[in-house]
Amino acid sequence: MGIEWKKKDLLGLETLSKEEIEMVLETAKSFKEVSTRDVKKVPALRGKTVVSLFFEDSTRTRASFELAAKRLSADTINIAAKGSSLSKGETILDMAKNMQAMNVNAIIVRHSSSGVPKLLAENLEAAVINAGDGCREHPTQALLDMFTIKEKLGEIKGKKVAIIGDILHSRVARSNIWGLTKLGAQVTVCGPSTLMPIGIEKLGVKVTHSLNECIAESDVLMLLRIQLERQRDKFLPSLREYAKEFGINKEKLKKAKKNVLIMHPGPTNRGLELSADVADGEYSVILDQVTNGIAIRMAILYLLLAGKAPTLALARSVSRPNPPSADKRRERLSTEGES
Amino acid sequence: MKPTQIMDKDAVNRAIMRLSHEILEKNKGIKDLCLIGIRTRGAIIADRIYACIKRIEGVDVPVGILDITLYRDDLTLISAQPVVRETQINFDITDKKVVLVDDVLFTGRTIRAALDALIDFGRPASIQLAVLIDRGHRELPIRAEYVGKNIPTSLDQNVKVMLEEIDGNDDKVIIEVRENGD
């Protein structure tokens, strides 16, 4: 028998062991088959409730988590920051605690501040799944990337993976660096120096500013989205220059290895990080990544939620000390009525 | 108490051979027949029945593997989540005569889960059940059409089917006294 899953939450790959990562990838393999059936549903998480709290925009991750939960027969609700009671001044923690008071089993959270999932995890008994926090981690994306590499190349150990683009702002890059290096891949990060965090080599990666060198050496080219919403501080002289220096097109790919994989976490800026003919080309596994995302998220939900008693007990354990018993309340009501 | 061996390699082989003949006899040949083994040992026995049928009739019948973990009725009760393995059914089971294969029939709960899982894959014409060992103590209204050997047991006993393909040594079936909560 392999190891047992012990973690309550999935906060990042920094805190997962190599064995735990491998366990997720192995479990996901079994779940991939479920999505190919006519009836895409198994009863494993029947009766469990999953809430997603998204404080940042998302299409893929949110849909993927929701489909993953539904294919496991869990009930799901989505709360977006817009239109929620946050606008009335409620804090995130209060909001999450209210969700927990409704006896939900898992909370999936995305937030622009690093550490929000950790804050929730430390204060809640429900499982907390990080769906992206600030520039820190996006663990399910990295897991699905690793799953795709393993599926296409057979193994991760010894493979050369280049992560190209805006490393500074990328939580996808960080999660992938943690995960890939734990599984023995050789990771190189490549991008303009303004978008390269200082000290990134300490995570065990090679740093380069030469795209051609990356293309020639790598088994996997993982492109990152230029985060237009985070470019206010002029990290780049112009987007055109970025596309020219670091964008990938068919011409530049001629120097690549024969079976190179082109990956992108989405959403893609066509014509910026990669040209359309590369995005839709023979090396691109971008849509395989999306398909695999559901299997990975099913695996995570299964590992975190299956085989556990429902979180019903927690409402009692964290409730106020000595709530008045029903009898006392009735007594009080009746005396109040008399006076 | 020492484990007692109740079947050896030859006995297991003869039982599987007889099961194969019975399956063919009852279904009047192999038309629309398919075999689905329940992971792990049921899948191996299904493979062996497939090989027997091929020897007898000279034809390949489709064989699939079913993992019932996600359909278990005790998923919320056990402390750690069981390992999920892949289900491999690469053919359409709709209108087929499905023979479900498992090693030991006990409470019937595994078969209940397997039936639920199969229904998610299509609408078979019929589902039949073949097991190497029936040890009694059913908790659900389920019975097997084809039984290799009936073994009366008590609840504190464990019946273990050991097959060459995964357990290494020669095939055998043993009964041992269950250590707490196995």
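Looking only at segment B:1-25, which residues are of a type in the set (Lys, Arg) and under 18 Å from the mean Cα position of the chain (by Cα)? Steps first, answer last, please.
The initial filter retains those residues of segment B:1-25 that are of a type in the set (Lys, Arg), namely B:2, B:9, B:14, B:18.
The answer is B:Lys9, B:Arg14, B:Arg18.
Does segment A:70-78 include one or more residues that are buried (at least 17 other Cβ atoms within 10 Å of the Cβ), within 14 Å of chain B (Cβ to nearest Cβ), among the small types (Gly, Ala, Ser) and not in a helix (DSSP H, G or I)?
yes
Which of the residues spanning segment A:203-231 are of a type in the set (D, E, K, R) and either closer than 12 Å to A:Lys255 by Cα or at pLDDT 95 or above (or both)?
The answer is A:Lys206, A:Glu213, A:Glu217, A:Asp219.
Yes or no: B:Val98 in contact with a Cys (Cβ under 8 Å, 6 or more places away or on another chain), buried (at least 17 other Cβ atoms within 10 Å of the Cβ), more than 10 Å from chain A (Cβ to nearest Cβ) and under 23 Å from B:Lys31 (Cα atoms)?
Yes; evaluated as a whole, the condition is true for this residue.
So which residues in segment A:181-227 are β-branched (Val, Ile, Thr) and part of a strand (DSSP E or B), if there are any at all? Spell out the reasoning first.
Our first condition is that a residue be β-branched (Val, Ile, Thr); within segment A:181-227, this holds for A:181, A:187-189, A:194, A:198, A:200, A:205, A:207-208, A:215, A:220, A:226.
Hits for segment A:181-227 are A:Val187, A:Thr188, A:Val189, A:Val207, A:Thr208, A:Val220.
Hand me the list of helices (runs of 4 or more DSSP H) wholly inside segment A:238-339 holding 2 or more residues that are within 30 Å of the chain's Cα centre (by Cα) and at pLDDT 90 or above. Outline the logic, then answer.
Numbers: elements: A:239-246, A:250-253, A:276-279, A:286-305, A:312-317, A:326-338.
The qualifying helices (runs of 4 or more DSSP H) are A:239-246, A:250-253, A:276-279, A:286-305.
Being among the acidic types (Asp, Glu) and farther than 20 Å from A:Arg71 by Cα is the filter here; which residues of segment B:52-91 pass it? Let's see the steps before the verdict.
First, the residues of segment B:52-91 that are among the acidic types (Asp, Glu): B:57, B:60, B:67, B:73-74, B:86.
B:Glu57, B:Asp60, listed by residue number.
Could you look through segment B:76-95, keep only residues that are of a type in the set (D, E, K, R) and closer than 19 Å to B:Asp32 by Cα, and pick out the one that is farthest from the other protein chains (Cβ to nearest Cβ)?
Initial filter on segment B:76-95 (of a type in the set (D, E, K, R)): B:85-86, B:92, B:95.
With the extra rule that they be closer than 19 Å to B:Asp32 by Cα, the set shrinks to B:92, B:95.
Values: B:Asp92: 9, B:Asp95: 14 Å.
So, considering only residues that are of a type in the set (D, E, K, R) and closer than 19 Å to B:Asp32 by Cα, the one farthest from the other protein chains (Cβ to nearest Cβ) is B:Asp95.
State yes or no: is A:Ala63 at pLDDT below 90 and more than 30 Å from A:Gly184 (Cβ to Cβ)?
On the way: at pLDDT below 90: no; more than 30 Å from A:Gly184 (Cβ to Cβ): yes.
So A:Ala63 does not fit the description; no.
Only one of these is surrounded by 19 or more Cβ atoms within 10 Å (Cβ to Cβ), away from chain B (no Cβ under 14 Å) and on the phi < 0 side of the Ramachandran plot: A:Ser112, A:Ser52. Name it.
A:Ser52
Yes/no per residue for (1) part of a helix (DSSP H, G or I); (2) within 21 Å of B:Gly136 (Cα to Cα):
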{"residue": "B:Ile16", "(1), (2)": "yes, yes"}
{"residue": "B:Leu19", "(1), (2)": "yes, yes"}
{"residue": "B:Cys34", "(1), (2)": "no, no"}
{"residue": "B:Ile49", "(1), (2)": "yes, no"}
{"residue": "B:Arg55", "(1), (2)": "yes, no"}
{"residue": "B:Val59", "(1), (2)": "no, no"}
{"residue": "B:Gln81", "(1), (2)": "no, no"}
{"residue": "B:Val98", "(1), (2)": "no, no"}
{"residue": "B:Val104", "(1), (2)": "no, yes"}
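Pick from segment A:23-49 the residues that are outside any loop (DSSP other than H, G, I, E, B) and of a type in the set (Lys, Arg): which of them is nearest to the other protein chains (Cβ to nearest Cβ)?
So the residue we want is A:Lys29.
Go through B:Asn90, B:Asn158 for me and flag whichever is of a type outside the set (Ser, Thr, Tyr), on the phi < 0 side of the Ramachandran plot and assigned to a loop (DSSP other than H, G, I, E, B).
Details: B:Asn158 fails: assigned to a loop (DSSP other than H, G, I, E, B).
Criteria check complete, one pass: B:Asn90.
Looking at (1) assigned to a loop (DSSP other than H, G, I, E, B); (2) closer than 17 Å to B:Ile44 by Cβ; (3) within 14 Å of chain A (Cβ to nearest Cβ), find the lone condition where B:Asp170 falls short.
Of (1) assigned to a loop (DSSP other than H, G, I, E, B); (2) closer than 17 Å to B:Ile44 by Cβ; (3) within 14 Å of chain A (Cβ to nearest Cβ), only one is false for B:Asp170: (3).
Considering segment A:115-135 alone, what residues qualify as being part of a loop (DSSP other than H, G, I, E, B) and free of Cβ contacts under 8 Å to residues at least 24 places away in the same chain?
If the condition is that a residue be part of a loop (DSSP other than H, G, I, E, B) and free of Cβ contacts under 8 Å to residues at least 24 places away in the same chain, then A:Gly115 is the only one that fits.
Mind checking whether some residue in segment A:1-15 is more than 14 Å from every other protein chain (Cβ to nearest Cβ), under 21 Å from A:Gln141 (Cα atoms), aromatic (Phe, Trp, Tyr) and in a loop (DSSP other than H, G, I, E, B)?
The answer is no; no qualifying residue exists.
Out of (1) surrounded by fewer than 24 Cβ atoms within 10 Å (Cβ to Cβ); (2) under 16 Å from the mean Cα position of the chain (by Cα); (3) of a type in the set (A, V, I, L, M, F, W, C), the odd one out for A:Phe147 is which?
With respect to (1) surrounded by fewer than 24 Cβ atoms within 10 Å (Cβ to Cβ); (2) under 16 Å from the mean Cα position of the chain (by Cα); (3) of a type in the set (A, V, I, L, M, F, W, C), A:Phe147 is out only on (1).
Examine segment A:79-88 for a residue that is closer than 19 Å to A:Lys48 by Cβ and in contact with a helix residue (DSSP H, G or I) (Cβ under 7 Å, 6 or more places away or on another chain), and state whether such a residue exists.
no
The values are calculated or read from the model by the stated rules, or taken from the named source; none is laboratory data. Predicted model only: the values in this text are computed from it and were never measured. So basically every Cβ, Gly included, is an ideal-geometry build from the backbone, and we count neighbours across all protein chains shown.
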